[in-house]
Amino acid sequence: MTQLATAPTPGAPGLLNPGVRRAARRTLPWRWLLVLVAGAGLFAAVSATLVATHDLLFIPSLLLLGAAVVPATFTTLVTESMASHTLTLARVLTAAVLGGVVGAVLAGLLEFGTRQVLGSLPYLMVGLIEEAAKLAVPVALFAWGRSRGRAMDGLVLGVAAGSGFAALETMGYGFVALLASHGQLEAVDGLLITRALASLGAHAAWTGLAAAAWFGIGSARRRWLGRARFALSFATVVILHTLWDATVAGGFYRWIAAISFLLLVGTATHLYRRTPREDVQMVLRP
C-alpha cells in the first residue's frame, strides 16, 4: 500500500518524479502507531486500576478500550496508507461510529426477525444479514457524497464501518464473558485481545472489500461489469463470514481471517497502483 509507482495516465509519466517520491516518504503513515501505543497504555492503566480498586465503574472503560483500540488503529493505518482518497476525517469517523451502531442495530433486528420466522438462524443467513447491514452507512455516504467511482474511498469507509461494528460486537461478547465467568478479568482480557486481532481479517476486511466494489461500479468500463464485480465481492465476503462462523469453534477461523486480510491488502495495493499521478501529487502538495 506504500508503493509509490502509479499507473500511467494519458499524457503523464508512469512514475512519480524524485521530488514527489521524497515528499511521499515524509507522509508515510505513522499515526496508527500513536493510536496503538496510546490506546494500549490507557487499557493497561484502566485494567490496573480496576484490579487495584475493584471498582466496577471501570468495567465499561475496560471493555470500550479493549474492543476499540485495535480496530481504531487499523482504520487509522488504512486511512493514511490510502493517501489519495478524497475523504475528510469527519466522514471516516462518521462511517466508523454510525456504521458500527446502525450496522449492529439493523443486524440485530433482522437476525431476531429471521429467527422468529425460521425457528433458527443458519450461518449463511447471519453472514448475509450482517454484511448487508454493515454496508448501510457506506452506501448512504456514497449516495450523499462525492465519492462516486472512487473505489479507494469505498475501501476506507468500509474498513471504518466494519471496524466500528467489530468494536461494538466485541464489547458485547466481553460483557457476556464477564458475567459468565463471574467477574474473572483474565477470561475477558483474553477474549478482547483475540477478537480485536481477529477483526482485522473479519468485519473490517469484509466490509472494506464489499464497499470498495460498490464504490467502484461507476468507474467500471461497463456498468454491468461493475455490478457483477460487486455481486462477486459481496458473495465472497458472505461466504467467508459463513465459514468463519461455522469453524470458529475448531480454530479454522484463523485461516479465514488470513485469507480475508490478504484479499484486502491485495485490493488496496491494486487500487493504490491505479491512482492517477495527478491525484497523488495533489495530496502531497503542501
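In the stretch 51-98, what residues are at pLDDT below 90, part of a helix (DSSP H, G or I) and of a type in the set (Ser, Thr, Tyr)?
The answer is Thr79, Ser81.
For the stretch 105-144, enumerate the residues that are assigned to a loop (DSSP other than H, G, I, E, B) and under 20 Å from Val159 (Cα atoms).
Leu135
Has the stretch 123-132 got any residue that is open to solvent by less than 20 Å² (accessible area, probe 1.4 Å), in contact with a Ser or Thr (Cβ under 6 Å, 6 or more places away or on another chain) and within 23 Å of Thr236 (Cα to Cα)?
Taking every residue of the stretch 123-132 in turn, at least one turns out to be open to solvent by less than 20 Å² (accessible area, probe 1.4 Å), in contact with a Ser or Thr (Cβ under 6 Å, 6 or more places away or on another chain) and within 23 Å of Thr236 (Cα to Cα).
Answer yes or no: is there a residue in the stretch 175-192 that is under 25 Å from Arg274 (Cβ atoms), touching a residue at least 24 places away in the same chain (Cβ under 8 Å) and buried (at least 23 other Cβ atoms within 10 Å of the Cβ).
There is no residue in the stretch 175-192 that is under 25 Å from Arg274 (Cβ atoms), touching a residue at least 24 places away in the same chain (Cβ under 8 Å) and buried (at least 23 other Cβ atoms within 10 Å of the Cβ).
In the stretch 199-214, which residues are of a type in the set (Phe, Trp, Tyr) and either open to solvent by 20 Å² or more (accessible area, probe 1.4 Å) or closer than 12 Å to Ala268 by Cα (or both)? Step through it out loud before you land on a result.
Just the residues of the stretch 199-214 that are of a type in the set (Phe, Trp, Tyr), to begin with: 206, 214.
Selection gives Trp214 alone.
Spot the failing condition for Gly162; the list is (1) open to solvent by 10 Å² or more (accessible area, probe 1.4 Å); (2) in a helix (DSSP H, G or I), and only one is missed.
Against the list (1) open to solvent by 10 Å² or more (accessible area, probe 1.4 Å); (2) in a helix (DSSP H, G or I), Gly162 comes up short only on (1).
Would you confirm, using the coordinates I've provided, whether Val102 is more than 21 Å from Ala231 (Cβ to Cβ), open to solvent by less than 40 Å² (accessible area, probe 1.4 Å) and not in a loop (DSSP other than H, G, I, E, B)?
no
Would you point out the residue of the stretch 215-229, among those that are surrounded by fewer than 23 Cβ atoms within 10 Å (Cβ to Cβ) and within 25 Å of Leu98 (Cα to Cα), that is nearest to the chain's Cα centre (by Cα)?
Applying the filter and picking the extreme gives Ile217.
Could you list, ordered by first residue, the pairs with Cβ atoms under 9 Å in which the first is in the stretch 241-258 and without any contact (Cβ under 8 Å) to a residue 12 or more places away in the chain and the second is hydroxyl-bearing (Ser, Thr, Tyr), at least 6 apart or interchain?
The qualifying pairs are Thr247/Tyr253; Trp255/Thr247.
Condition first: under 17 Å from Phe234 (Cα atoms), modelled with pLDDT under 95 and more than 16 Å from the chain's Cα centre (by Cα). Can you find one or more residues in the stretch 148-159 that meet it?
no
The values are calculated or read from the model by the stated rules, or taken from the named source; none is laboratory data. Please read all numbers here as calculations on a predicted model, not as lab measurements. We place every Cβ from the backbone using ideal geometry, glycine too, and count neighbours over all the protein chains shown. Heads up: the accessible areas ignore ligands, DNA and RNA and are worked out on the full protein's heavy atoms, side chains in. Shrake-Rupley method; radii C 1.70, N 1.55, O 1.52, S 1.80 Å.
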